[in-house]
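Enquirer: Structure incoming, see below.
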Amino acid sequence: MKLLEERIRKDGVIGAGNVLKVDCFLNHLIDVPFADELAREFYRLFRDCGVNKILTIEASGIGIACLTARFFDCPAVFAKKSKTSNMSGEFYSVPVDSFTHGNTSTVIVNKAYLSPSDKVLIIDDFLALGNALNGLIDIVEQSGAQLVGAGIVIEKAFQGGGDAIRAKGIRVESLAMIESMSPEEGIRYRGE
Ligand code: 5GP
């Protein structure tokens, strides 16, 4: 998506350890009209798939997941990274390694919120090694729901997670696919 590629080039900051910071429009301050255009594009891509639930993982996926859910006129469910004492019921759960935090957390979704009658679109802000997305796919499989595919805002394609998941036959649509990035050379997108 040209608009996003240009925005990343203009405002993204390439940090240490293959981390791209897009705090000023997506991950800290959210440019809502801009993020809404990203959500509209997810809708255009998946509008014919019968989606009735959006699934993401806390925290940074929640904003874009909610905007996307408005286009589909359906609820957004976010997987939680910790179980608090006021939560009751039964949960689907899966361990997920965090790329940005360097730890592993058990990610959970209440069984009441995903069921075999659901058609699920997974939405997330970033795809790197694929741990978060694989965890969400696992949760959809546990629930017996149908997975329609995944919509990702920024895929760091050079880290391989996205292509490995596509190779399993899962539809993954990324609005920007970074083939390489460095502070010296800047960003190169797939197909450039
Ligand atoms: P993965 O599990 O695919 O390795 O990483 C995806 C998750 O880690 C995303 O949910 C995102 O929150 C975070 N993440 C991975 N790489 C980056 C990055 O370069 N920048 C930011 N802001 N988050 C990232």
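FYI, it's all coordinate maths here, none of it is from the lab. Just so it is clear, the structure is predicted and the values come from calculations on it, not from any experiment. Cβ placement follows ideal geometry from the backbone for every residue including glycine, while neighbour counts extend to all protein chains displayed.
Enquirer: Among the listed pairs LYS111/LYS168; LYS2/LYS53; LYS10/LYS80; LYS81/LYS119; LYS21/LYS111, which are separated by more than 30 Å between their Cα atoms?
Expert: LYS10/LYS80; LYS21/LYS111
Enquirer: With the chain treated as a Gaussian network of Cα nodes joined by springs under 10 Å, which of SER143, SER88, SER98 yields the largest mean-square fluctuation?
Expert: SER88
Enquirer: Can you compute the modelled spin-label distance between ASN110 and VAL13, with each label point 7 Å from Cα toward Cβ, in nm?
Expert: If labels sit at ASN110 and VAL13, their model points lie 3.7 nm apart.
Enquirer: OK, next. For n ≥ 4 DSSP H runs only, could you compute -39500 (n - 2.57) per run for the chain, divide by its residues and tell me the 222 nm figure to the nearest 500?
Expert: For the chain, the value works out to -8500 deg cm²/dmol.
Enquirer: So for ILE30, ILE139, fewest C-beta neighbours within 10 Å to most, what's the order?
Expert: With the sparsest Cβ surroundings first, the list reads ILE30, ILE139.
Enquirer: Right, next: I'd like the projected area of the chain, averaged over all directions, using the convex hull of its alpha carbons. Report it in nm² with one decimal.
Expert: The number I arrive at for the chain is 10.8 nm².
Enquirer: Among VAL77, VAL107, which comes first, second and so on when ranked by fewest other beta-carbon atoms within 10 Å? Please report the intermediate quantities before stating the final value.
Expert: Values: VAL77 21, VAL107 25.
Taking fewest neighbouring Cβ atoms as first place, the list is VAL77, VAL107.
Enquirer: Let me know the Kirkwood hydrodynamic radius for segment 2-109, please, with Cα pairs as the basis and the value in Å to one decimal. It would help to have the intermediate numbers written out before the result.
Expert: Numbers: mean 1/r = 0.0636 Å⁻¹.
15.7 Å is the Kirkwood radius here.
Enquirer: Same structure again: Could the peptides 52-61, 148-157 be put in order, highest first, of the mean number of other beta-carbon atoms found within 10 Å of their residues?
Expert: Top to bottom by mean Cβ count within 10 Å: 148-157, 52-61.
Enquirer: Students often check this: by mean Cβ neighbours within 10 Å, which of 117-126, 9-18 ranks highest, and how do the rest follow?
Expert: With the highest mean Cβ count within 10 Å placed first, the list reads 117-126, 9-18.
Enquirer: Hey, how many Å between the Cα centroid of segment 117-192 and the Cα centroid of segment 42-67?
Expert: 13 Å
Enquirer: Another one. Just need the relative contact order of the chain here, percent rounded to a whole number, with Cα pairs under 8 Å and 6+ apart.
Expert: Reported relative contact order: 18 percent.
Enquirer: Ok, one more. What FRET efficiency do you get for ASP36 and LYS119 if R0 is 30 Å and r is their Cβ-Cβ distance, rounded to the nearest 0.05?
Expert: Between ASP36 and LYS119 the formula returns 0.85.
Enquirer: I've got another one for you. I want the antiparallel fraction of DSSP beta bridges within segment 2-189, as a percent rounded to 5.
Expert: Here the antiparallel bridges make up roughly 40 percent for segment 2-189.
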